[in-house]
Structure formats: structure tokens, C-alpha cells
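The structure appears right after this line, and notes come after that.
The values are calculated or read from the model by the stated rules, or taken from the named source; none is laboratory data. Since the structure is predicted, the reported quantities are computational estimates derived from the model, not experimental observations. Positions of Cβ are generated from backbone atoms using ideal geometry, with glycine treated the same way; all protein chains shown enter the neighbour counts.
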Amino acid sequence: MGVWLGTSIVLGLILCSIHFWKPEVDNVSHKSIERISRSWLLAAFVIPYHIIWWQNFSYDTRYLLSSMPMYTAIAGHGVDWALNRIPYTFSRQTLITIVLAIALVLSGSVGRLGAVYNLIIRPMQTDDEKLQRLSAESWTLVKHIRSTIQPGSKIYAIDGALAYWLHDYEFKQGYPFVLSDLLGYEYLVTSPTADLVYEFYDTTNNEVVSSLGNTNILPLFYQHTDNIAIYKIGEIKH
């Protein structure tokens, strides 16, 4: 689904952009759109929205979904434009629309069919069995935390999804850049998503990253995978 949606969004953005130079190309709407109105929309909402969005970027799915209404509207604009380029015969346009819709649904749902299949053939499976199959890496990490770290402990984790399963802990999600970000917490749980964020802000060698494994500051508590680990937060000075 991502490839199809991404392509439609790019097409929609191109159409919106060239409207200022060649408005006759972007003729999806039957009503004329004033350039001034479109300029105000871009200046007052679209551009500021994207600036704020990027400044506070997070890989949390809920955060990414906040941008989807606008992007799906842009994608729909691109799809409408593409369909209007097809010679207008009702049967052909309808057939192409149906084929495209089926392709989109199948490409987006094929990865989820396993969950439906297992639910049908094993409706009484336990939550542990479901999570072990759907998210083995995260779930095994959560089980280790529950078995080795006292409930009520203060955990600073980069992967916010862990919070859904760690209700008995004081939990915070974030991307620590300096050691003072970890003040008041007992454990740091790393995640590979941090590498992308640190690269984006050009801080791959920040204080926290440089201190990982330091026996006095952030000694290793548990190595889960090559890029996921739990560190005990030691003495951090203000």
C-alpha cells in the first residue's frame, strides 16, 4: 500500500505545485481555484504544518497518522487527475478503477492475512502466543523486563510501543541527547529507531550514545539484540 499511496501523493504534490505556472494542467476541479486562495492555504497552513511536523518528528505510528488526512486528500487529487486522463468511456474507467482498487487492497492486506488465518484456526490462543507471533522481538523484551526489573521502576525507553505492556512501571518515551535527559530514571532501553533520529539531527555522537556501556554512567544491564539493550542508569551529575 505504501508504494501506491506514495506515488499518488507525489503526483498530487506535483499538480498542486505546477498550478501556479500552468493552471490548465490541474483541471480536476470543475470550479476554478484562485491562485491567491491557494497561496494563502499554503502559507497559513500547509508549509507551517510541515515545519512543525518535522521539528517534532517521531516514528510513533500515532504521530505519523496525524499527517495522513492531508496526504490522503492530496493522493486522491492525484488519482482523480490520472483517471481523468483516461478516455471517457464508462465501462473502461469503471474497470480500471476496480482493478486498481483490488490491487491496492491486496497489496496492503497481504501482510496481515497471517493474523486472520491464525485467528480462524486458533481462536483460543493466549495473548502470549499471539504477541510472540506478531511481535516476537518486542514481546520477549517486555517479558524479560517484567521478570528482572521491579514493578514501579522508572524506565526511559526509545520505543514508545513498550508502554502498552509495561503499565506497572513509570515509563517515558523519548530520544535522549544529553545525560541530563535521563535524570530521575533507573533504566534506559535503546532501539534502532534512535539511530535514524540522531542522524537526522546530526548528533550520532551525543552524550548518551558516547556513554553507553560506561560502567559508571550507563552500564549494560541486558543485551537483547545487536541494537536493542537495557542499560542501568548510574550516577549522572546535574
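Report the residue count in segment 164-176 for those that are surrounded by fewer than 16 Cβ atoms within 10 Å (Cβ to Cβ) and of a type outside the set (D, E, K, R). Break it down into steps so the answer makes sense when it comes.
Residues of segment 164-176 that are surrounded by fewer than 16 Cβ atoms within 10 Å (Cβ to Cβ), as a first pass: 164, 167-168, 170, 174.
From what's left, of a type outside the set (D, E, K, R): 164, 167, 174.
Here the count works out to 3.
Given the criteria outside the structural domain of Q55 (by TED's automatic domain parsing), of a type in the set (K, R) and either in a loop (DSSP other than H, G, I, E, B) or in contact (Cβ under 8 Å) with a residue 40 or more places away in the chain (or both), does K237 qualify? Outline the logic, then answer.
Details: outside the structural domain of Q55 (by TED's automatic domain parsing): yes; of a type in the set (K, R): yes; either in a loop (DSSP other than H, G, I, E, B) or in contact (Cβ under 8 Å) with a residue 40 or more places away in the chain (or both): yes.
Considered against the rule, which asks whether it is outside the structural domain of Q55 (by TED's automatic domain parsing), of a type in the set (K, R) and either in a loop (DSSP other than H, G, I, E, B) or in contact (Cβ under 8 Å) with a residue 40 or more places away in the chain (or both), K237 comes out as yes.
Could you say whether any residue in segment 186-202 is at pLDDT 95 or above and more than 24 Å from the chain's Cα centre (by Cα)?
Scanning segment 186-202 turns up at least one residue that is at pLDDT 95 or above and more than 24 Å from the chain's Cα centre (by Cα).
Going through segment 158-175 one residue at a time, which ones are in a loop (DSSP other than H, G, I, E, B) and either hydrophobic (A, V, I, L, M, F, W, C) or within 30 Å of D202 (Cβ to Cβ) (or both)? Don't jump to the end; show me each part of the working.
Residues of segment 158-175 in a loop (DSSP other than H, G, I, E, B): 158-159, 166-169, 174-175.
Of everything in segment 158-175, those that are in a loop (DSSP other than H, G, I, E, B) and either hydrophobic (A, V, I, L, M, F, W, C) or within 30 Å of D202 (Cβ to Cβ) (or both) turn out to be I158, D159, L166, G174, Y175.
Counting only residues that are in a loop (DSSP other than H, G, I, E, B) and in contact with a Ser or Thr (Cβ under 8 Å, 6 or more places away or on another chain), which one in segment 176-216 is farthest from A157 (Cα to Cα)?
By that ranking, first place goes to F177.
State yes or no: is I155 outside any helix (DSSP H, G or I), in contact with a Leu (Cβ under 9 Å, 6 or more places away or on another chain) and either modelled with pLDDT of 95 or more or surrounded by fewer than 18 Cβ atoms within 10 Å (Cβ to Cβ) (or both)? Let's see the steps before the verdict.
Working: outside any helix (DSSP H, G or I): yes; in contact with a Leu (Cβ under 9 Å, 6 or more places away or on another chain): yes; either modelled with pLDDT of 95 or more or surrounded by fewer than 18 Cβ atoms within 10 Å (Cβ to Cβ) (or both): yes.
Judged against the criteria, I155 is a match.
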